[in-house]
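A.B. asks: I have a structure here, written as structure tokens, and I will follow up with some questions on it.
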Amino acid sequence: MKKVSLLTILSALLLVLGTGCLKDKGFENGQYGINVTDIKAVSFPNAGSSPLSFGLNVTASQQLVNDLLAVSLETSGLAEADVSVTLSNTSGNSSEGDVKNYNDNNPGANIQVLPADLYSVPLTATITTGQKFVKLPLTVFNTTSLNPNLSYGIGLTISSATNGYQVAQNMRKILVIFSVKNRLDGVYEITGSALRAGDPVLSGDFGPYERSIETSGPNSGQWKGSVLWANGSSSALPAGYEPNITVDPATDAITSITSTAGIFMTAPVVRTDIVGAVQRYDVATKTLYFEFTYGAGPTSRLFSIKAKYLRPR
């Protein structure tokens, strides 16, 4: 599933809303869509980018997504009178709908329908006189019940419009796919030191290199990608040892480190010069300080890591 940042979506949305939809030869020849020189129409201006992907925070607080959805005139001018637009929620359920259609056409996809009681989106909107478009605010009430290992979808279809406007059939549907992410989620700069007793090539400082940490639970993040040994060694831990880090939401202390293979890897602090006195998440700098071990323990195998947040993933 493609990832699209909110900034990218907003920039594209504003570009389309400001200039009108780009049309190719098939469009101009009337093979699909509605030619705006002949017939007035309304559309989702970013329907061509559907499905849109968006990350929600794991929180019981309300989240407003205000710059993702809009309905626009497909004419070159502004509305000469109010244009009322009616939409339908076409997400569907396990047997039908836009989400099921997406799953059926994308092998391996397992998008769930976002439960209706967790969100609100207006199904009627008005492009007022003198305007080109109207935004559709999407409000998500609570995401704490959502599974961070799954993605969730909302499908919308423009059903009708007033004042002589038709619906552009090739731009009437849009699907938004949400994932949930917590405060640990993002791309990090990784630095630190590795110990592999008796192996001076693999032991020593490493980094900087980048890795993603992806939401794996309300208060945990899963390291994605290999874990490198010392700089210059051109070697990494085998798959299955990527740390899954759990942080206490009240104290910000790291309480557990496990691996994708199920290995419990939490280690006592050995390298205080890298980690400090406590394995923790520094909220102010968005930095994780932690160590993990396996096998014979921290005197034989030890990674001491500083992971500093760089950007959203």
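The values are calculated or read from the model by the stated rules, or taken from the named source; none is laboratory data. Just so it is clear, the model here is predicted, and its values are computed rather than measured. Heads up, the Cβs are rebuilt from the backbone with ideal geometry, glycines too, and the neighbour counts pull from every protein chain shown. Surface areas here come from the heavy atoms of the whole protein model, side chains and all, with no ligands, DNA or RNA. Shrake-Rupley method; radii C 1.70, N 1.55, O 1.52, S 1.80 Å.
A.B. asks: State the number of residues belonging to segment 296-313 that are closer than 12 Å to Thr266 by Cα and either open to solvent by 70 Å² or more (accessible area, probe 1.4 Å) or hydroxyl-bearing (Ser, Thr, Tyr) (or both).
C.D. replies: 1
A.B. asks: Would you mind stating whether Leu22 is among the aliphatic types (A, V, I, L, M), farther than 30 Å from Pro249 by Cα, open to solvent by 30 Å² or more (accessible area, probe 1.4 Å) and modelled with pLDDT under 50? Even if it seems obvious, please write down each step before you answer.
C.D. replies: Numbers: among the aliphatic types (A, V, I, L, M): yes; farther than 30 Å from Pro249 by Cα: yes; open to solvent by 30 Å² or more (accessible area, probe 1.4 Å): yes; modelled with pLDDT under 50: yes.
In short, yes.
A.B. asks: Would you mention how many residues in segment 165-179 are open to solvent by less than 60 Å² (accessible area, probe 1.4 Å) and not in a strand (DSSP E or B)?
C.D. replies: Initially, segment 165-179 is screened for residues open to solvent by less than 60 Å² (accessible area, probe 1.4 Å), giving 165, 167-168, 171, 174-179.
Those left that are additionally not in a strand (DSSP E or B): 165, 168, 171.
The total comes to 3.
A.B. asks: Give all pairs with beta carbons closer than 8 Å in which a residue from segment 60-77 that is under 19 Å from Gln169 (Cβ atoms) and in a loop (DSSP other than H, G, I, E, B) meets a residue that is polar (S, T, N, Q) and open to solvent by less than 10 Å² (accessible area, probe 1.4 Å); count only pairs at least 6 apart in sequence or on separate chains.
C.D. replies: Glu74/Ser43
A.B. asks: Is there a residue in segment 90-108 that is open to solvent by 30 Å² or more (accessible area, probe 1.4 Å), at pLDDT 90 or above and of a type in the set (A, V, I, L, M, F, W, C)?
C.D. replies: Looking for residues that are open to solvent by 30 Å² or more (accessible area, probe 1.4 Å), at pLDDT 90 or above and of a type in the set (A, V, I, L, M, F, W, C), one finds none in segment 90-108, hence no.
A.B. asks: Hand me the list of strands (runs of 3 or more DSSP E) wholly inside segment 243-313 holding 2 or more residues that are under 14 Å from Ser220 (Cα atoms).
C.D. replies: Where strands (runs of 3 or more DSSP E) fall fully within segment 243-313 and carry at least 2 residues being under 14 Å from Ser220 (Cα atoms), they are 243-247, 254-259, 280-282, 287-292.
A.B. asks: Output the qualifying pairs, or none if there are none: Cβ atoms under 7 angstrom, residues six or more apart or on different chains, first residue in segment 236-252 and touching a residue at least 12 places away in the same chain (Cβ under 8 Å) and under 15 Å from Ser212 (Cβ atoms), second residue of a type in the set (Gly, Ala, Ser) and open to solvent by 20 Å² or more (accessible area, probe 1.4 Å).
C.D. replies: Asn244/Ser216
A.B. asks: So, in segment 109-123, of the ones that are in contact with a Phe, Trp or Tyr (Cβ under 9 Å, 6 or more places away or on another chain) and over 18 Å from Ser50 (Cβ atoms), which residue ends up least open to solvent (accessible area, probe 1.4 Å)?
C.D. replies: Among those that are in contact with a Phe, Trp or Tyr (Cβ under 9 Å, 6 or more places away or on another chain) and over 18 Å from Ser50 (Cβ atoms), it is Leu118.
A.B. asks: Within segment 275-294, how many residues are of a type in the set (Val, Ile, Thr) and open to solvent by less than 30 Å² (accessible area, probe 1.4 Å)?
C.D. replies: 3
A.B. asks: Here's something else I'd like to know. Which pairs have Cβ atoms under 9 Å, sit 6 or more apart or on different chains, and link a residue in segment 265-289 that is of a type in the set (D, E, K, R) to one that is outside any strand (DSSP E or B) and open to solvent by 70 Å² or more (accessible area, probe 1.4 Å)?
C.D. replies: Cβ pairs passing all conditions: Arg280/Thr251; Lys286/Arg183.
A.B. asks: As an exercise: evaluate Asp205 against (1) assigned to a strand (DSSP E or B); (2) modelled with pLDDT of 95 or more; (3) open to solvent by 10 Å² or more (accessible area, probe 1.4 Å); (4) in contact with a Pro (Cβ under 9 Å, 6 or more places away or on another chain) and give the number of the one condition it does not meet.
C.D. replies: For Asp205, the exception is condition (4).
A.B. asks: Also: Given Thr251, Thr260, which one is within 25 Å of the chain's Cα centre (by Cα) and open to solvent by 30 Å² or more (accessible area, probe 1.4 Å)?
C.D. replies: Values: Thr251 fails: within 25 Å of the chain's Cα centre (by Cα).
Only one candidate qualifies: Thr260.
A.B. asks: Give the residue that is farthest from the chain's Cα centre (by Cα), with candidates limited to residues of segment 180-202 that are open to solvent by 20 Å² or more (accessible area, probe 1.4 Å) and touching a residue at least 40 places away in the same chain (Cβ under 8 Å).
C.D. replies: Among residues in segment 180-202 that are open to solvent by 20 Å² or more (accessible area, probe 1.4 Å) and touching a residue at least 40 places away in the same chain (Cβ under 8 Å), the one farthest from the chain's Cα centre (by Cα) is Ala197.
A.B. asks: Going by what's in this entry, would Phe54 be described as within 18 Å of Leu136 (Cβ to Cβ), in contact with a Leu (Cβ under 8 Å, 6 or more places away or on another chain) and modelled with pLDDT under 90?
C.D. replies: Working: within 18 Å of Leu136 (Cβ to Cβ): yes; in contact with a Leu (Cβ under 8 Å, 6 or more places away or on another chain): yes; modelled with pLDDT under 90: yes.
Criteria met by Phe54.
A.B. asks: May I ask you to list the residues in segment 208-227 that are assigned to a strand (DSSP E or B) and either in contact (Cβ under 8 Å) with a residue 24 or more places away in the chain or charged (D, E, K, R) (or both)?
C.D. replies: Within segment 208-227, Glu210, Arg211, Ser212, Ile213, Glu214, Thr215, Ser216, Gly217, Ser220, Gly221, Gln222, Lys224 qualify.
A.B. asks: If I ask for residues that are within 13 Å of Gln222 (Cβ to Cβ) and small (Gly, Ala, Ser), which ones from segment 180-202 would you list?
C.D. replies: Gly186
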